[in-house]
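Engineer: Here it is, the structure in full.
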Amino acid sequence: MQSTPKKIAVTGAAGQICYSLLFRLANGDLYGKSQPIELRLLDLPQAQDAVRGVVMELEDCAFPLLHNIVMTDDPRQAFEGVDAAFLVGSRPRSKGMERRDLLAANAEIFKVQGRAINEVAGRRAKILVVGNPANTNASILIANAPDFNPRQVSSMIRLDHNRALTQLARKAACGVGDIDKLVVWGNHSPTMFADWTYATAAGRPLSETIADDHWYKEVLIPEIARRGTAIIEARGASSAASAANAAIDQMRDWMHGTDGRWTSMAVISQGQYGIPEGLVCGVPVMCEDGDYSVVEGLDLDGFQKSKLDKTIEELVGERDALS
Ligand SMILES: NC(=O)c1ccc[n+]([C@@H]2O[C@H](COP(=O)([O-])OP(=O)(O)OC[C@H]3O[C@@H](n4cnc5c(N)ncnc54)[C@H](O)[C@@H]3O)[C@@H](O)[C@H]2O)c1
Ligand SMILES: O=C(O)C[C@H](O)C(=O)O
């Protein structure tokens, strides 16, 4: 007998990221190949025709695990009793636009959705915020969902983590899967800090294997920080398939565990590493039994502290700009 379908809400269903994400979810890439799912697709009233087109395509794939699809423009209907939610829907950045321009426009969306999640989402639901500015949107959502456990909310920093994995693996001539203990700290923005201090490949420190501090500080860190912008410049639109892939990676690790390995997640701070409580900030975590734990007690040197301070300062600025 098949188990009860898992209910997954996805917002921004007519958008670019969802045009990849929904098909991956329906294929079983999150819950595995024996778990049926129901998709709850939320988008604006004016996007419902486009959502209908996506639904027709989902139907035409004949995914065996996809038991039901609900289309709606009502957040309460979308989040009612869900097991997981991908909050993708928001306005993306276009050429020449900085993330701060998005702050006010997108804050309102996450207030409304936070209230709806507070009222109707399953208490163990995992909520992943993808829509930018993702960290601050997640903080706004948490502030508007006082009865919902803030540890059940995270924002996506995994795309930056994956981007750094590939660049490091290339430089070290190893496989991406060989690398552990990479950290991306902070805001999903150009102030983020891809930190190789603890990273190893096949057990050996990557900083020793690569032995090129100039490349680390002057090439890797800025390239990862500006990668989103470089993709917008090249494609004329922000990253989509890689963002969808990272969203599934982050949610899957959170649900199913990391087997003792580190990954990066943006989660609500409890004051670790001097990150003010309540900010949603990228930190190293390990996941087990459907929960994450922040890797604590790392010694940060002056360079690390200055990079972390800069990204924290930006997060505080975003928070203050909206209060
Ligand atoms: N965190 C990350 O690493 C990361 C990476 C890439 C993109 N993003 C962000 O993801 C977001 C979506 O990107 P995209 O390329 O899919 O954008 P898109 O413009 O193609 O799609 C956005 C969709 O959201 C919908 N939407 C807007 N307001 C909504 C609301 N209140 N409720 C439900 N749906 C709503 C729109 O109608 C549209 O269908 C953007 O904010 C983008 O900047 C984040
Ligand atoms: O930077 C952006 O606006 C796009 C996205 O967040 C990305 O990292 O690709």
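Engineer: Name the single residue that is farthest from ligand 1 (Cβ to nearest atom) among those in segment 108-165 being polar (S, T, N, Q) and part of a helix (DSSP H, G or I).
Structural biologist: Gln152
Engineer: Here's something else I'd like to know. Given the conditions (1) of a type in the set (A, V, I, L, M, F, W, C); (2) under 28 Å from Ser154 (Cβ atoms); (3) over 15 Å from the mean Cα position of the chain (by Cα); (4) surrounded by 16 or more Cβ atoms within 10 Å (Cβ to Cβ), which single one is not true for Ala172?
Structural biologist: If we test Ala172 against (1) of a type in the set (A, V, I, L, M, F, W, C); (2) under 28 Å from Ser154 (Cβ atoms); (3) over 15 Å from the mean Cα position of the chain (by Cα); (4) surrounded by 16 or more Cβ atoms within 10 Å (Cβ to Cβ), just (2) comes out false.
Engineer: Also: Could you tell me whether Ser269 is without any contact (Cβ under 8 Å) to a residue 60 or more places away in the chain, among the hydroxyl-bearing types (Ser, Thr, Tyr), within 26 Å of Arg226 (Cα to Cα) and more than 16 Å from ligand 2 (Cβ to nearest atom)?
Structural biologist: When the stated conditions are applied, Ser269 passes them.
Engineer: Then there's this: Give the residue, chosen from Ile157, Ile179, Ile224, that is touching a Gly at 6+ places or on another chain (Cβ under 6 Å), more than 20 Å from Asp301 (Cα to Cα) and buried (at least 18 other Cβ atoms within 10 Å of the Cβ).
Structural biologist: Of the residues listed, the single one that is touching a Gly at 6+ places or on another chain (Cβ under 6 Å), more than 20 Å from Asp301 (Cα to Cα) and buried (at least 18 other Cβ atoms within 10 Å of the Cβ) is Ile157.
Engineer: Could you list, in sequence order, all residues of segment 240-254 that are buried (at least 21 other Cβ atoms within 10 Å of the Cβ) and within 11 Å of ligand 2 (Cβ to nearest atom)?
Structural biologist: If the condition is that a residue be buried (at least 21 other Cβ atoms within 10 Å of the Cβ) and within 11 Å of ligand 2 (Cβ to nearest atom), then Ala243, Ala246 are the ones that fit.
Engineer: Here is a follow-up. How many residues does segment 166-199 hold that are touching a residue at least 24 places away in the same chain (Cβ under 8 Å) and either touching a Cys at 6+ places or on another chain (Cβ under 8 Å) or part of a helix (DSSP H, G or I) (or both)?
Structural biologist: 9
Engineer: Run down Ala241, Ala230 and say which single residue is touching a residue at least 40 places away in the same chain (Cβ under 8 Å) and among the aliphatic types (A, V, I, L, M).
Structural biologist: Ala241
Engineer: Sort out for me the strands (runs of 3 or more DSSP E) sitting completely within segment 260-322 that have 1 or more residues that are in contact with a strand residue (DSSP E or B) (Cβ under 9 Å, 6 or more places away or on another chain), among the acidic types (Asp, Glu) and under 28 Å from Asp83 (Cβ atoms).
Structural biologist: Output list is empty.
Engineer: From the set of residues in segment 302-317 that are of a type outside the set (A, V, I, L, M, F, W, C) and closer than 13 Å to Pro133 by Cβ, which is surrounded by the fewest Cβ atoms within 10 Å (Cβ to Cβ)?
Structural biologist: The residue in question is Gly317.
Engineer: Oh, and also: With assigned to a helix (DSSP H, G or I), small (Gly, Ala, Ser), outside the structural domain of Ala26 (by the TED database) and within 12 Å of ligand 1 (Cβ to nearest atom) as the only criterion, which of Ser207, Ser238, Ser242 stands out?
Structural biologist: After ruling out the rest, the residue left standing is Ser242.
Engineer: Of everything in segment 89-107, what is assigned to a helix (DSSP H, G or I) and not polar (S, T, N, Q)? Give them in sequence order.
Structural biologist: Arg99, Arg100, Asp101, Leu102, Leu103, Ala104, Ala105, Ala107
The values are calculated or read from the model by the stated rules, or taken from the named source; none is laboratory data. It should be emphasised that the depicted structure is a prediction, and the values quoted were computed from it without experimental measurement. Quick reminder, even Gly has a Cβ in these numbers, built from the backbone with ideal geometry, and neighbours come from all protein chains shown.
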